[in-house]
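The values are calculated or read from the model by the stated rules, or taken from the named source; none is laboratory data. Predicted model only: the values in this text are computed from it and were never measured. Cβ placement follows ideal geometry from the backbone for every residue including glycine, while neighbour counts extend to all protein chains displayed.
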Amino acid sequence: MNTKDRIHQALNDFQIETPSWGYADTGTRFGKFTQDGAAITIQDKLADAGQVHQLTGCCPQVAVHVLWDFNAETSPEDVGQMASTHNIKIGSINPNLFQDQCYKLGSLSHPDIEVRKQAIAHCIDSVQLGQTLDSRAVTLWLADGTNYPGQDNIRARKQRVESALAEIHEQLSQDQLLLVEYKPFEPAFYHTDIADWGMAWSYARKAGEQAKVLVDTGHHYAAQNIEQIVAWLLDEKMLGGFHFNDRRYADDDLTLGSIDPYQIFRIFHEIFAYANDHGAMPTIEYMIDQSHNLKPKIEAMIQTVMTAQELYAKASLVDHDALRGFQDRGQIVDAERALKQAYDTDVRPMIADWRKAHKLPEDPVIAFRESGYQETAAADRKKRREELGINQTSSYA
Ligand code: PSV
Ligand code: MN
């Protein structure tokens with residue numbers, strides 16, 4: 001297959017979910033820089049996600065965070081219906097186990113059985129929400145951990161999480177997945193109950209067959225080799241999905257590839273290499289987990305999606321037969337050159353071509369700017385904020 005066809009085939013198969021929370025005002029623990037165009041309601045978030053899909057053609061799903069996106073006035077069915085009016089679907093369901101006051105000492109790992117019961121019930125509600133909305137993945141991230149040595153019994157907490165996950169897993173329908181996300185620190189700074197991929201893997205294995213590991217690229221120590229983790233999880237059939245973002249220090253939520261695009265290429269390469277060995281691409285939930293504080297949100301999301309497509313397309317170009325030969329003969333320079341050859345290929349004209357073939361704009365960022373959507377949304381949302389008495393000053397449209 002020639003380069004163009006390989007890229008087109010890769011892009012035909014590539015979809016990535018955007019997060020509802022990436023369209024709303026978010027910030028750091030020090031404060032928020034607000035934007036007039038930021039989504040206020042779930043309707044706004046879905047409209048914005050619909051824009052990203054309309055212009056890129058590869059984001060048909062939007063991830064939701066249960067407490068941030070659902071309320072008593074809007075039924076889940078209404079939310080599903082609203083999504084479909086924007087030609088998208090509700091994707092992964094994210095339970096929220098970190099905002100309620102009762103979670104100060106943890107959620108599924110909390111020493112008090114009553115708090116654990118509340119957390120489990122919320123997860124089971126989220127599983128049912130997924131069933132109502134025909135969504136596949138429930139993605140579980142625990143802020144659980146301790147801040148001080150001796151604060152709680154680490155093994156007891158592990159056992160509490162294990163038994164909670166098994167209980168939640170039992171409620172999954174046949175098509176549902178329970179994705180277990182790990183994070184080395186923050187908000188817990190002494191120990192985190194799911195600190196790394198090995199712990200997430202162990203929890204997922206014990207929970208049941210439909211539990212897999214979720215790799216958030218921002219949740220690793222600086223020198224960690226993420227593609228090795230990906231290769232291991234693939235080999236063990238335990239890779240469930242990704243939360244993509246980039247980072248400089250920790251969980252910085254920077255746009256994908258803004259700091260280290262080669263790392264994302266190497267991750268995609270491991271996936272293509274696995275597919276080459278097994279004759280088919282593995283099923284993986286690709287998701288973005290970014291909250292944009294400085295960049296305009298929809299543009300930043302489109303930029304991220306375009307970067308993901310570029311890096312995925314580049315990774316599809318690696319010549320695996322040649323690479324295997326170089327590896328077998330110990331030709332290190334040539335093996336590395338096989339990766340670089342693909343990475344250095346300018347795939348942008350072929351992606352533009354793919355977009356043309358799919359009646360999509362060649363440059364979705366420019367098309368978005370020209371559409372006037374941002375200005376209209378900003379004017380409308382600014383007015384609604386004033387009516388609602390939400391204080392906000394902004395220099396961004
Ligand atoms: C936590 O840092 C995380 O990566 C989890 O996926 C959350 O659901 C998400 O960010 C949003 O806070
Ligand atoms: Mn995440």
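Could you figure out which of (1) at pLDDT 95 or above; (2) more than 16 Å from Trp21 (Cα to Cα); (3) away from ligand 1 (no atom under 15 Å from the Cβ) isn't true of His219? Looking at each condition in turn, His219 falls short on (3).
In segment 80-94, the residue that is farthest from Gln128 (Cα to Cα) out of those that are out of contact with any His (no Cβ under 9 Å at 6 or more places or on another chain) and either surrounded by fewer than 23 Cβ atoms within 10 Å (Cβ to Cβ) or without any contact (Cβ under 8 Å) to a residue 12 or more places away in the chain (or both) is Thr85. Among the residues making up segment 117-150, those that are of a type in the set (A, V, I, L, M) and in a strand (DSSP E or B) are Ala137, Val138, Leu140.
Selection of segment 267-309 for residues being buried (at least 21 other Cβ atoms within 10 Å of the Cβ), of a type outside the set (A, V, I, L, M), under 30 Å from Glu375 (Cα atoms) and away from ligand 1 (no atom under 16 Å from the Cβ) yields only Gln309.
Yes/no matrix, rows are residues, columns are (1) closer than 28 Å to Lys340 by Cα; (2) free of Cβ contacts under 8 Å to residues at least 40 places away in the same chain; (3) under 18 Å from the mean Cα position of the chain (by Cα):
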residue: Ala200; (1), (2), (3): no, yes, yes
residue: Ala207; (1), (2), (3): no, no, no
residue: Ala211; (1), (2), (3): no, no, yes
residue: Asp216; (1), (2), (3): yes, no, yes
residue: Asn225; (1), (2), (3): yes, yes, no
residue: Gly240; (1), (2), (3): yes, no, yes
residue: Tyr249; (1), (2), (3): yes, yes, no
residue: Leu254; (1), (2), (3): yes, yes, yes
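The residues of segment 338-396 that are part of a loop (DSSP other than H, G, I, E, B) and either of a type in the set (Val, Ile, Thr) or under 21 Å from His53 (Cβ atoms) (or both), listed by number, are Thr345, Val347, His358, Lys359, Leu360, Pro361, Glu362, Asp363, Gly372, Ile390, Thr393. Cβ-Cβ contacts under 8 Å between residues 6 or more apart (or on different chains), taken from a first residue in segment 373-388 that is over 15 Å from Pro296 (Cα atoms) to a second residue that is surrounded by 13 or more Cβ atoms within 10 Å (Cβ to Cβ) and β-branched (Val, Ile, Thr), are listed as Arg384/Ile40; Arg385/Ile40; Leu388/Ile40.
For segment 1-116, the helices (runs of 4 or more DSSP H) that sit wholly inside it and include 1 or more residues that are within 16 Å of ligand 2 (Cβ to nearest atom) are 66-69. Does segment 228-240 contain any residue that is closer than 20 Å to Glu186 by Cβ, more than 13 Å from ligand 1 (Cβ to nearest atom) and modelled with pLDDT of 95 or more? Among the residues of segment 228-240, at least one is closer than 20 Å to Glu186 by Cβ, more than 13 Å from ligand 1 (Cβ to nearest atom) and modelled with pLDDT of 95 or more, which makes the answer yes.
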